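Below you'll find the structure, written out as structure tokens, and then a few comments.
The values are calculated or read from the model by the stated rules, or taken from the named source; none is laboratory data. Predicted, not measured: the structure shown is a model, and the values here were computed from it. Cβ coordinates were reconstructed from backbone atoms using ideal geometry, including for glycine residues, and neighbour counts include every protein chain displayed.
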Amino acid sequence: MEAPYDKLLSVLLESRQRRCFPPEIRTAAPEFVQQVLGLLFPHFAEKLECNAAAIQRDVMAVEACLVRLQAILAPLYPGVDTRIPQRFIAQLPEIHAWLLQDAEALHEADPAARSVDEVILTYPGFYAIAIFRVAHALHLLGLPLLPRLLTEFAHQRTGVDIHPGATIGRRFVIDHGTGVVIGETTIIGDGVKLYQGVTLGALVVQKNLSDKKRHPTLEDEVVVYANATILGGDTVVGRGSIIAGNAWLTQSVPAQSVVTRRSEVRHRGADSELGELEFHI
């Protein structure tokens with residue numbers, strides 16, 4: 001008679017041999033994105049040296065880290081372009097410029113923000129956007145898995161869940177941030193503002209739709225207030241529209257629209273039933 005754990009050992013050994021996954025990727029991915037952000041913004045740097053030699057050293061360190069990450073993933077994803085680290089480094093000036101515009105837009109949009117530096121240092125929305133832009137660049141370059149690891153790291157830190165495949169324009173603002181969900185095929189134009197709890201999701205969730213556009217399009221200068229839900233790949237929110245808090249939208253609206261969720265106000269009598277409004281904490 002076999003020992004109680006023999007079957008378990010056999011199952012786990014077979015599983016590990018079939019899915020030999022490098023555990024170091026879990027810690028290396030967050031370290032990499034922190035290195036990138038520290039390179040782009042002194043606000044995130046562990047040690048700041050303001051000279052060309054130090055910057056060159058930091059650039060080389062980021063590139064070396066990405067080379068190592070790609071080598072770790074290579075056995076699982078053979079055939080990936082080995083020039084991705086160099087191509088990613090070449091995109092960093094543009095990523096930096098876009099992120100500065102995001103930070104400036106957030107500063108302009110939020111009366112509580114005292115400076116752009118404060119936004120970069122303390123705003124979870126900016127932090128999530130910064131990691132997204134890094135992850136999106138790697139996603140477009142064709143590097144597998146790492147972009148998802150980066151955006152999931154941001155999700156854990158901020159409560160903002162952005163798929164690295166989403167397309168997001170310039171001057172993007174996420175205020176407060178917690179609970180924001182942006183799906184893979186979402187398209188967001190320039191100057192868009194989202195508040196906490198916004199979902200840009202799929203109307204139908206089916207595996208066979210994985211190569212279809214499942215998530216909405218928000219054109220330029222759209223504002224979506226807290227806890228609004230916009231669903232569907234064919235749903236287009238026209239330029240300059242405002243989506244009110246708690247709205248539920250599954251169809252397109254033209255430019256300069258206002259979509260609201262009407263609230264009912266009625267007298268609360270002594271004998272009236274609370275019904276569906278009754279709740280307990």
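Out of the residues in region 47-96 that are farther than 22 Å from Pro144 by Cα and touching a helix residue (DSSP H, G or I) at 6+ places or on another chain (Cβ under 6 Å), state the one that is modelled with the lowest pLDDT.
Of everything passing the filter in region 47-96, Leu48 is modelled with the lowest pLDDT.
Here are some residues: Ala74, Ala28. Which one is touching a residue at least 12 places away in the same chain (Cβ under 8 Å), within 25 Å of Ala137 (Cα to Cα), surrounded by 12 or more Cβ atoms within 10 Å (Cβ to Cβ) and of a type in the set (Gly, Ala, Ser)? Walk me through it before giving the result.
Details: Ala74 fails: touching a residue at least 12 places away in the same chain (Cβ under 8 Å).
Result: Ala28 is the single residue among Ala74, Ala28 that is touching a residue at least 12 places away in the same chain (Cβ under 8 Å), within 25 Å of Ala137 (Cα to Cα), surrounded by 12 or more Cβ atoms within 10 Å (Cβ to Cβ) and of a type in the set (Gly, Ala, Ser).
So that you can scan it fast, the table gives a plain yes or no per residue for (1) assigned to a loop (DSSP other than H, G, I, E, B); (2) surrounded by 16 or more Cβ atoms within 10 Å (Cβ to Cβ):
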| residue | (1), (2) |
| --- | --- |
| Asp211 | yes, no |
| Glu221 | yes, yes |
| Asn227 | yes, yes |
| Ile230 | no, yes |
| Gly233 | yes, yes |
| Arg239 | yes, yes |
| Gln251 | yes, no |
| Ala255 | yes, no |
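Take the residues in region 69-95 that are charged (D, E, K, R) and not in a helix (DSSP H, G or I); name whichever of them is farthest from Leu121 (Cα to Cα).
Keep residues of region 69-95 that are charged (D, E, K, R), which gives 81, 83, 87, 94.
Then drop every residue that is not not in a helix (DSSP H, G or I), which leaves 81, 83.
Values: Asp81: 34, Arg83: 32 Å.
Taking the candidates together, the pick is Asp81.
Looking at region 6-25 only, could you name the residues that are surrounded by 10 or more Cβ atoms within 10 Å (Cβ to Cβ) and over 30 Å from Met60 (Cβ atoms)?
Matches in region 6-25: Asp6, Lys7, Leu8, Leu9, Ser10, Val11, Leu12, Leu13, Glu14, Ser15, Arg16.
Can you name every residue in region 169-194 that is small (Gly, Ala, Ser) and in contact with a Gly (Cβ under 6 Å, 6 or more places away or on another chain)?
Kept after step one, since they are small (Gly, Ala, Ser), are these residues of region 169-194: 169, 177, 179, 183, 189, 191.
Once the filter is applied, which keeps residues that are small (Gly, Ala, Ser) and in contact with a Gly (Cβ under 6 Å, 6 or more places away or on another chain), region 169-194 yields Gly169, Gly177, Gly179, Gly183, Gly189.
So which of Gln101, Gln86 is closer than 20 Å to Gly191 by Cα, of a type in the set (S, T, N, Q) and out of contact with any strand residue (DSSP E or B) (no Cβ under 7 Å at 6 or more places or on another chain)?
Numbers: Gln86 fails: closer than 20 Å to Gly191 by Cα.
Just a single option satisfies the conditions, and that option is Gln101.
Within region 166-175, can you find the residues that are free of Cβ contacts under 8 Å to residues at least 40 places away in the same chain and either touching a Lys or Arg at 6+ places or on another chain (Cβ under 9 Å) or surrounded by 18 or more Cβ atoms within 10 Å (Cβ to Cβ) (or both)?
So the first thing to find is which residues in region 166-175 are free of Cβ contacts under 8 Å to residues at least 40 places away in the same chain, and the list is 167-168.
Listed by number, the list holds a single entry, Ile168.
I'd like to know if region 120-128 contains one or more residues that are within 21 Å of Ala71 (Cα to Cα) and under 13 Å from the mean Cα position of the chain (by Cα).
Of the residues in region 120-128, the ones within 21 Å of Ala71 (Cα to Cα) are none.
Checked region 120-128: no residue is within 21 Å of Ala71 (Cα to Cα) and under 13 Å from the mean Cα position of the chain (by Cα).
Across region 6-53, what is the number of residues that are in a helix (DSSP H, G or I) and either hydrophobic (A, V, I, L, M, F, W, C) or over 23 Å from Val119 (Cβ atoms) (or both)? Walk me through it before giving the result.
Step one: of region 6-53, the residues in a helix (DSSP H, G or I) are 6-18, 25-40, 42-44, 52-53.
Checking the rest, the ones that are also either hydrophobic (A, V, I, L, M, F, W, C) or over 23 Å from Val119 (Cβ atoms) (or both) come to 6-18, 25-29, 31-33, 36-37, 39-40, 44, 52-53.
Total satisfying the criteria: 28.
Run Gln56 past the list (1) of a type outside the set (A, V, I, L, M, F, W, C); (2) over 29 Å from Tyr127 (Cα atoms); (3) part of a helix (DSSP H, G or I) and report the number of the one that doesn't hold.
Unmet condition: (2).
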